[in-house]
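Shown next, in structure tokens, is the structure this report addresses.
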Amino acid sequence: MPARLVSLLCAALLSPLNGAWGADFDVTTLMQQLAQVHVQRGTFVERKYIGILQHPIESSGELVYRAPDHLEKRTLLPKPESLVLEGEMLTMSRNGRQQTVSLYQYPDLGTLIDSIRSILAGDQKALEAAFEVRIEGSLEQWKLELTPKLEGAQKMIDHIEIRGAGRRVHSVEIVQPDHDRSIMTIENSATPP
Amino acid sequence: MKRGRLPLVVWLLGLCVCGIVIATTRFTADLSAFLPRTPTISQQLLVSQLRNGSVSRTVLVAISGANAVLRAQTSRAFAARLRQNAAFVSVLNGDPDSAQRARDQTLLFDHRYLLSPAINADRFTVLGLHQALGDVLDRLASGEGLAIKPLLTRDPTGEVLQTLDALEQHSQPTFSHGVWASHDGSESILLVQTRAAGSDTDAQERALKWLDADFEAVRTTPLLQLELTGPPVFAVQTRATIRHQVVILSLISALLVTSLLWLVYRSLSALVLGLLPVMTGAAAGIAAVSLVFGTVHGVTLGFGTTLIGEAVDYSIYLFAQVGQSLSFSSAPSSKKLQDRLQNWLSTAWPTVRLGMLTSVVGFFSLVFSGFPGLAQLGVYSIAGLLAAAAVTRWILPLLLPQSFVMPDRRLLGIYLGALLRHRLALRGPIIMLVLAAVVYLGLHHGHLWNTSLAALSPISKSDQARDAKLRAELGAPDVRYFALVSAASAEAALEATEALTPVLDHLVAVGAIGGYDSPARYLPSVATQRSRQSAIPDPDVLRRRLCAAAAGEVSCKRLEPFIQDVTAARTTRPLIPADLEGTSMGLALGAMLLCGKQGCNALLPLHPATDLTARMDIHAVRLALAGVDASPAHVAFVDFKAESDQLYSSYLRQATLLSLGGFLAIIALLAVALRSLGRMVAVLLPLCAAVIVCAFGLAVLGRELTLLHLVGMLLIVAVGSNYALFFDSTHVRRAGPLAVTTLASLTFANLATVMGFGVLAFSSVPLLSALGETVGMGAILALVFSAVFAHDRPDEIPV
């Protein structure tokens, strides 16, 4: 009896590790881990490399995610701006003006913004509806490569690379068909539970 | 005595003429009966907006039921289908119309150097270019950077963005699954504009049928429900209601009066003869209205049912008195009938004629009304009453069979006579009632009247509330305040509008208004476009400045497409309104720039300072606009609510004057006919008392009085005078046994009148019900009061 109890306890303790650190690390595993995160805050630095510009454009600010569907990007430099995604409504505030649109109105841009959120929410279904998803590495150090399925998005995005460790996203790189790209690096200010 | 055939021939010929006129008459049942004929300029604008403006063509559509996903899907499929339909110029549901968006983008992009408000001489200096580039780079860094990047090489100064910013909408409705929805998310909402003008009710009706059919085609489950509201729906509904009610009310009225006549006559031939004056009157009335006005309103026909009630009285008087006491004669001879006819012509006919003339005089004042429905009622009734009386006087005696017999109705007369003998007891209470009514009306005179034009609206309050709610959901509530710019041409109106813009911007800055929209925002005047073109330098100069401005940030060699586009823009033809057709900018322009034969009006909606308090500093706005000199164009401040209320109060004032005029004319007629102050007072006092008590009754019933009630009061006097005059003539002639039949026939005639008007009281069209309830109640009161106050010696009432 005690032997059996011990083995049960061991199994119970080890089971989450089995999935996470097991040999077969896949998208589902990562998504399950990410879905555990309910609130995430961080600072970001984004650099855009555009062909005709001689220098990359840099902007920085804060990112806030709250499960299930709130994503906020507050740019502080070079000009204050905020983008708030709540449900399907995207509100953009800039220069004292505020504009609210529905993601559905801008299918191309909408897919992109929505994909970031579905990664944070661990929504594999939504992600795979819009992208071919490939995963590399392990849970400690992973890389997702997303290739858009929709024609409209393909015109704007060649692919997206997202890197992270465990439940944290570290960087999002968007590569455009003309090789222009933007890289956003994220530093988490609060450790997720 | 030989019977002359001439009257018969004249009558039949007249009927033929009426028939021909009626056959070629255009009948309308649209809202024009409710709109004025001779308003001021801003009122004309209000009326033309009401009739044909973009608002009058806009249908608000709500889809409810099933679930949010299905509603959104249906909204998209519905919109896609409607956009294929030529009956609609614009279908908005929040989901972009990709074809229209493509047209918009092409127009904006191709003409960005003519449309962008940022273009001036400074824009193409080194400093100006440097700043413009810097702004665009900032926006590249922003969240929308990815979307605007493709524009960079051809529009590095961001003119498309500048233009788009200027066009940005004030408020967007709520979205659910990508399409507009109500705030609580329970309904999908669409905004559909028909191609046909608002006044073309036939085309609006077809458009509404298309909406129903197209919805049916995309509906995937019966759980989904479609609801339509807005001016086209109201116009079509009103017309249907009026058409329906005119038929129903006329039928009920005719049925009631026919039954009454059957009860009285108990003879088919008498019944048919009794209806002849009514039918001739109706035919003459319609033909007269058609000849005078060109078209006949459905409302007029509705009012016309009242004619049945009054015109039938004449034959009742004739038959009751000519046919009476015949039952006592065993072998009636033709001589006896002729004698009685002669007798009736010499004794009763003058009274009937005078009563008819007072009615005609009363209705005559309506002919001058600026309210088309009333003017037509006036003409219809005058022609109808004259024709009915003439048929009674000259035709019926020819057609009466020699053996014409009326059933003995003396019993009723005797009973009524007995009742009448107790009338003294009623005098006190009636006087008290009248006094109480006077006091009550005096105390409440401030809130007896409904002073809003909406009081005449045939649209029910619940429908209006539903419409207002949907409008609020769309963030498109009715705009009340406008700046009005009138000019000789579209170009002149746009130039004057541009001159007005700094003033409006200042009003926004100081918080007097929250914002405004302007046609010049969608299409600058040609003058402005030309000045923008002249601000563009030579390509070589531009290239040199651009490279200096872009140094260190952008490789200016890659901006050559920009140089080419700008250079091409220098010589392109400026845009005119026709170039905007098919774009959303064109729709917005069309809603604000209204051109007609007299020139063009630009209507700039002014929005209140905040959505919550909806306040506006009217005084400051009025003052600021008055100070604008845009000559030769004219700038004015327009408050549509105040204009429409003023329109109504001018109606009301006019109706008051006309009613007073009609009343005075009746007094004058009676003075000439009766030649006795005492008799005039005896005739008029009971009628005035009836009017006062009737107004009191309406007020106590909680009715807000409208101008139709006022007109109804005039008609109480005009119609009720018939009864008062009969009591007067009986008194004067000291007539013997005739009085019994007079009393009976008066009662029947009164019943017929009350039926004619009373039926109208049940109409759901406020115009008809207001008139019906007033005259219906008033006619009974007029008879009772005339009887009670007839003369002082009750013993004179013969038994």
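The values are calculated or read from the model by the stated rules, or taken from the named source; none is laboratory data. No experiment lies behind these values; they were computed from the predicted model shown. Note that we place each Cβ from the backbone using ideal geometry, even for glycine, and neighbour counts take in every protein chain shown.
For B:Glu581, work out the one condition from (1) surrounded by fewer than 18 Cβ atoms within 10 Å (Cβ to Cβ); (2) touching a residue at least 24 places away in the same chain (Cβ under 8 Å); (3) among the acidic types (Asp, Glu) it doesn't fulfil.
Going through the list (1) surrounded by fewer than 18 Cβ atoms within 10 Å (Cβ to Cβ); (2) touching a residue at least 24 places away in the same chain (Cβ under 8 Å); (3) among the acidic types (Asp, Glu), B:Glu581 breaks only (2).
Scanning for something surrounded by fewer than 16 Cβ atoms within 10 Å (Cβ to Cβ) and either under 20 Å from B:Asp155 (Cβ atoms) or modelled with pLDDT of 90 or more (or both), does the range B:513-530 turn up at least one residue?
Filtering the range B:513-530 down to residues surrounded by fewer than 16 Cβ atoms within 10 Å (Cβ to Cβ) leaves B:515, B:527, B:530.
Next, only the ones that are either under 20 Å from B:Asp155 (Cβ atoms) or modelled with pLDDT of 90 or more (or both) stay: B:527, B:530.
Within the range B:513-530 (the criterion being surrounded by fewer than 16 Cβ atoms within 10 Å (Cβ to Cβ) and either under 20 Å from B:Asp155 (Cβ atoms) or modelled with pLDDT of 90 or more (or both)), the answer is yes, since at least one residue qualifies.
Which ones in the range B:750-787 are among the hydroxyl-bearing types (Ser, Thr, Tyr), in a helix (DSSP H, G or I) and surrounded by fewer than 24 Cβ atoms within 10 Å (Cβ to Cβ)?
Answer for the range B:750-787, where residues must be among the hydroxyl-bearing types (Ser, Thr, Tyr), in a helix (DSSP H, G or I) and surrounded by fewer than 24 Cβ atoms within 10 Å (Cβ to Cβ): just B:Ser769.
Restricting the first residue to the range A:64-82 and requiring it to be within 14 Å of chain B (Cβ to nearest Cβ) and farther than 19 Å from A:Arg47 by Cα, which pairs with a second residue that is charged (D, E, K, R) and buried (at least 16 other Cβ atoms within 10 Å of the Cβ) meet a Cβ separation below 6 Å and a spacing of at least six or different chains?
Qualifying pairs under 6 Å: A:Leu71/A:Arg117.
Given the residues B:Ala695, B:Ala642, B:Ala671, which is the only one that is touching a residue at least 12 places away in the same chain (Cβ under 8 Å) and either surrounded by fewer than 19 Cβ atoms within 10 Å (Cβ to Cβ) or not β-branched (Val, Ile, Thr) (or both)?
B:Ala695
Of the conditions (1) more than 30 Å from B:Val405 (Cα to Cα); (2) under 25 Å from the mean Cα position of the chain (by Cα), B:Ser250 satisfies every one except a single condition; which number is it?
With respect to (1) more than 30 Å from B:Val405 (Cα to Cα); (2) under 25 Å from the mean Cα position of the chain (by Cα), B:Ser250 is out only on (1).
Within the set of pairs 6 or more residues apart or between chains, which connect a residue that is small (Gly, Ala, Ser) inside the range B:103-129 to a residue that is assigned to a loop (DSSP other than H, G, I, E, B) with Cβ atoms less than 6 Å apart?
What qualifies is B:Ala121/B:Ala535.
Given A:Pro78, A:Pro148, A:Pro68, which one is at pLDDT below 85 and closer than 30 Å to B:Val69 by Cα?
Details: A:Pro78 fails: closer than 30 Å to B:Val69 by Cα; A:Pro148 fails: at pLDDT below 85.
Result: A:Pro68 is the single residue among A:Pro78, A:Pro148, A:Pro68 that is at pLDDT below 85 and closer than 30 Å to B:Val69 by Cα.
Restricting attention to the range B:67-79, and to residues there that are crowded, with 16+ Cβ neighbours inside 10 Å and out of contact with any helix residue (DSSP H, G or I) (no Cβ under 8 Å at 6 or more places or on another chain), which single residue is farthest from A:Val101 (Cα to Cα)?
Once the filter is applied, the top-ranked residue is B:Leu70.
Of the numbered conditions (1) touching a residue at least 60 places away in the same chain (Cβ under 8 Å); (2) within 14 Å of chain A (Cβ to nearest Cβ); (3) part of a loop (DSSP other than H, G, I, E, B), B:Gly143 fails exactly one; give the number of that condition.
Going through (1) touching a residue at least 60 places away in the same chain (Cβ under 8 Å); (2) within 14 Å of chain A (Cβ to nearest Cβ); (3) part of a loop (DSSP other than H, G, I, E, B) one by one, B:Gly143 breaks only (1).
Looking only at the range B:83-105, filter to residues that are in contact with a strand residue (DSSP E or B) (Cβ under 8 Å, 6 or more places away or on another chain) and of a type in the set (D, E, K, R); which one of those is surrounded by the most Cβ atoms within 10 Å (Cβ to Cβ)?
Restricting to residues being in contact with a strand residue (DSSP E or B) (Cβ under 8 Å, 6 or more places away or on another chain) and of a type in the set (D, E, K, R), the top hit is B:Asp95.
Name the single residue, out of those in the range A:98-109 being more than 7 Å from chain B (Cβ to nearest Cβ) and modelled with pLDDT of 75 or more, that is nearest to A:Pro80 (Cα to Cα).
To start, the set of residues in the range A:98-109 that are more than 7 Å from chain B (Cβ to nearest Cβ) comprises A:98, A:101, A:103, A:106-108.
Filter once more, so that each one left must be modelled with pLDDT of 75 or more: A:98, A:101, A:103.
Values: A:Gln98: 13, A:Val101: 19, A:Leu103: 22 Å.
Only one residue fits best here, namely A:Gln98.
Would you say B:Leu435 is within 33 Å of the chain's Cα centre (by Cα), in a helix (DSSP H, G or I) and in the same structural domain as B:Gly281 (by TED's automatic domain parsing)?
The answer is no for B:Leu435.
When residues of the range A:165-183 are filtered for being buried (at least 19 other Cβ atoms within 10 Å of the Cβ), in a strand (DSSP E or B) and away from chain B (no Cβ under 12 Å), how many remain?
The total comes to 2.
Please pick out the residue among B:Ala520, B:Ala527 that is part of a helix (DSSP H, G or I), under 22 Å from B:His111 (Cβ atoms) and either touching a Ser or Thr at 6+ places or on another chain (Cβ under 7 Å) or free of Cβ contacts under 8 Å to residues at least 12 places away in the same chain (or both).
B:Ala520
Matching residues to (1) surrounded by fewer than 20 Cβ atoms within 10 Å (Cβ to Cβ); (2) in a strand (DSSP E or B); (3) more than 7 Å from every other protein chain (Cβ to nearest Cβ); (4) in contact with a helix residue (DSSP H, G or I) (Cβ under 9 Å, 6 or more places away or on another chain):
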| residue | (1), (2), (3), (4) |
| --- | --- |
| B:Pro150 | yes, no, yes, yes |
| B:Asp155 | no, no, yes, yes |
| B:Thr163 | no, no, yes, yes |
| B:Ala166 | yes, no, yes, yes |
| B:Phe175 | no, yes, no, yes |
| B:Trp180 | no, yes, yes, yes |
| B:His183 | yes, no, yes, yes |
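Quick check, is A:Glu46 within 11 Å of chain B (Cβ to nearest Cβ), of a type outside the set (Gly, Ala, Ser) and surrounded by 13 or more Cβ atoms within 10 Å (Cβ to Cβ)?
yes
Mind telling me which of the residues B:Leu211, B:Leu190 ends up being more than 14 Å from chain A (Cβ to nearest Cβ), assigned to a strand (DSSP E or B) and either over 21 Å from A:Asn95 (Cα atoms) or touching a helix residue (DSSP H, G or I) at 6+ places or on another chain (Cβ under 9 Å) (or both)?
Details: B:Leu211 fails: assigned to a strand (DSSP E or B).
The unique qualifying residue is B:Leu190.
If a residue has to be of a type in the set (Asp, Glu) and more than 10 Å from chain B (Cβ to nearest Cβ) to count, how many in the range A:83-97 make the cut?
Count: 1.
When you scan the range B:84-117, how many residues do you find that are more than 14 Å from chain A (Cβ to nearest Cβ) and closer than 21 Å to B:Gln533 by Cα?
12
Hey, any hits in the range A:33-40 for a residue that's part of a strand (DSSP E or B), surrounded by fewer than 16 Cβ atoms within 10 Å (Cβ to Cβ), within 13 Å of chain B (Cβ to nearest Cβ) and not aromatic (Phe, Trp, Tyr)?
Scanning the range A:33-40, I find no residue that is part of a strand (DSSP E or B), surrounded by fewer than 16 Cβ atoms within 10 Å (Cβ to Cβ), within 13 Å of chain B (Cβ to nearest Cβ) and not aromatic (Phe, Trp, Tyr), so the answer is no.
Could you check B:Tyr415 against (1) free of Cβ contacts under 8 Å to residues at least 12 places away in the same chain; (2) exposed (fewer than 13 other Cβ atoms within 10 Å of the Cβ); (3) under 26 Å from B:Tyr723 (Cα atoms) and say which number it fails?
(2) is the only condition that B:Tyr415 fails.
From A:Ile162, A:Ile186, A:Ile157, A:Ile116, grab the single residue that is within 14 Å of another protein chain (Cβ to nearest Cβ) and within 13 Å of the chain's Cα centre (by Cα).
A:Ile116
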